[in-house]
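Structure first, then comments.
The values are calculated or read from the model by the stated rules, or taken from the named source; none is laboratory data. All of these numbers come straight from a predicted model, not from anything done at the bench. Positions of Cβ are backbone-derived with ideal geometry, glycine not excepted, and every protein chain shown enters the neighbour counts.
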């Protein structure tokens, strides 16, 4: 017996129920195979659209603040030029060494190393950076007094990196006294930096941007044009 015969053999209500069940099954299959995938794509696109809207809003805010930021940048550049102009022109490391030595003596610290490093030139703002390495030993209060003295020097000395460790020094009258007073002696490894402005001669020696040095003529006179024969005399 075929499916058609079975279908038409049942009563009308059963046929309606069978048709309804098959229709529902087809709708469910269609939803999971087609509509669910489309819905997922729509959700993904809506998320992307939301991110783009947020980015547009942020860019609009940046554009609104653009003139203010540009003006502030120009002000900072002018201020930086003024600061650079106030720097000493010559390196004067010997003078700086003398002042630091005096500070060490006043702070009662012991220096084991003072090494000025190789200077680096900023060709854009016309100043040079001179690194300084310094190792000193003393208690916390002496270290603090020394750093306060560095800060008060007429020459700018920045100290971006300081490493403090408990001193391993033993023996000696000062060490015994420190132990009795329960004073912790510290070894400080200091990486400092000072600055100077470039001299007019040094500024002139800096190559200008966009200008290439003139090409040197080859030895032996004027070069012959490429691809052109030269007649014999």
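In table form, for the structure just shown:
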item: For residue 104: the one exception among (1) outside the structural domain of residue 196 (by TED's automatic domain parsing); (2) surrounded by 11 or more Cβ atoms within 10 Å (Cβ to Cβ); result: (1)
item: Members of region 131-163 found to be exposed (fewer than 13 other Cβ atoms within 10 Å of the Cβ) and not in a loop (DSSP other than H, G, I, E, B), listed by number; result: 141, 144, 148, 151, 160, 161, 163
item: Residues (closer than 19 Å to residue 151 by Cβ and assigned to a strand (DSSP E or B)) located in region 106-115; result: 111, 114
item: Index of the failed condition, residue 103 passing every other in (1) closer than 19 Å to residue 158 by Cα; (2) in a helix (DSSP H, G or I); (3) out of contact with any helix residue (DSSP H, G or I) (no Cβ under 7 Å at 6 or more places or on another chain); result: (3)
item: Unique residue being surrounded by 10 or more Cβ atoms within 10 Å (Cβ to Cβ), assigned to a helix (DSSP H, G or I) and in contact (Cβ under 8 Å) with a residue 12 or more places away in the chain when the list is 96, 45; result: 96
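Quick grid of which residues meet (1) at pLDDT below 75; (2) surrounded by 10 or more Cβ atoms within 10 Å (Cβ to Cβ); (3) in a helix (DSSP H, G or I):
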{"site": "20", "(1), (2), (3)": "no, yes, yes"}
{"site": "26", "(1), (2), (3)": "no, yes, yes"}
{"site": "33", "(1), (2), (3)": "yes, no, yes"}
{"site": "40", "(1), (2), (3)": "no, yes, yes"}
{"site": "55", "(1), (2), (3)": "no, yes, yes"}
{"site": "68", "(1), (2), (3)": "no, no, yes"}
{"site": "77", "(1), (2), (3)": "no, yes, yes"}
{"site": "84", "(1), (2), (3)": "no, yes, yes"}
{"site": "87", "(1), (2), (3)": "no, yes, no"}
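Matching residues to (1) modelled with pLDDT of 55 or more; (2) within 30 Å of residue 126 (Cβ to Cβ):
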{"site": "150", "(1), (2)": "yes, yes"}
{"site": "154", "(1), (2)": "yes, yes"}
{"site": "167", "(1), (2)": "yes, no"}
{"site": "177", "(1), (2)": "no, no"}
{"site": "208", "(1), (2)": "yes, yes"}
{"site": "212", "(1), (2)": "no, yes"}
